Amino acid sequence: MLTPPDAAALLRGAGLRVTRPRTAVIDELWLRPHADAEAISGAVRTRLGKVSKQAIYDVLHALHGARIVRRIEPARSPALFELYRGDNHHHIVCRSCGALADVECAVGQAPCLAPSSTHGYRVDEAEVVFWGACPDCTTEAVRPFP
């Protein structure tokens with residue numbers, strides 16, 4: 001079983017100041033990967049008391065910039081967040097209910113896919129989103145995700 005990250009060590013390692021909201025966001029994302037900012041904000045407020053939504057957005061922005069948090073932006077969905085694992089995994093999204101799950105790298109090591117042309121870029125990551133119907137929705141007719 002994986003152990004929770006040492007939030008303070010992650011922050012210090014990224015050159016960020018250790019604050020209660022930052023450590024709380026990291027802790028919540030460990031418990032709730034693929035959460036949106038609204039869910040993270042509510043969980044952090046439950047944990048710490050009064051914390052503004054803007055403060056949570058600022059924390060998510062700083063953690064994303066430091067590559068502690070990964071931002072996932074599936075179509076027709078609010079941005080979702082997870083702790084950055086450095087493994088370049090991908091995601092699969094249910095078209096019906098919006099459920100999201102991790103999918104290991106498509107081929108080999110990161111970036112695990114090669115574009116037909118790099119146009120001079122040095123590629124270090126590939127982001128793939130697979131779409132389909134989750135097990136809970138396969139028994140129902142698949143309806144478009146709003």
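Summary of values
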item: For the chain, accessible area per residue (1.4 Å probe, heavy atoms of protein chains only), Å²; result: 61 Å²
item: Magnitude of the charge dipole, the range 1-112, Cβ model with Lys/Arg +1 and Asp/Glu -1, debye to 20; result: 420 debye
item: Value of relative contact order over the chain, rounded to a whole percent, pairs C-alpha under 8 Å and six or more apart; result: 18 percent
item: Protein-only accessible surface order, largest first, of HIS91, HIS61 at 1.4 Å; result: HIS61, HIS91
item: Structure-derived Cα extents along the principal axes in Å - corresponding label in (1) 43, 42, 32; (2) 58, 38, 30; (3) 68, 49, 24; result: (1)
item: Trypsin sites (Lys or Arg not before Pro) restricted to the range 30-93 and DSSP loop, no more than 12 other C-beta within 10 Å; result: LYS50, ARG67, ARG76, ARG85
item: FRET efficiency estimate (nearest 0.05) - Cβ-Cβ, GLU73 to SER52, R0 30 angstrom; result: 0.85
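The values are calculated or read from the model by the stated rules, or taken from the named source; none is laboratory data. Keep in mind that what you see is a predicted model, and the values were worked out from it rather than measured. No Cβ is skipped: glycine too gets one built from the backbone with ideal geometry, and neighbour counts run over all protein chains shown. Side chains are part of the model used for accessible areas, which takes the heavy atoms of the whole protein and leaves out ligands, DNA and RNA. Shrake-Rupley method; radii C 1.70, N 1.55, O 1.52, S 1.80 Å.
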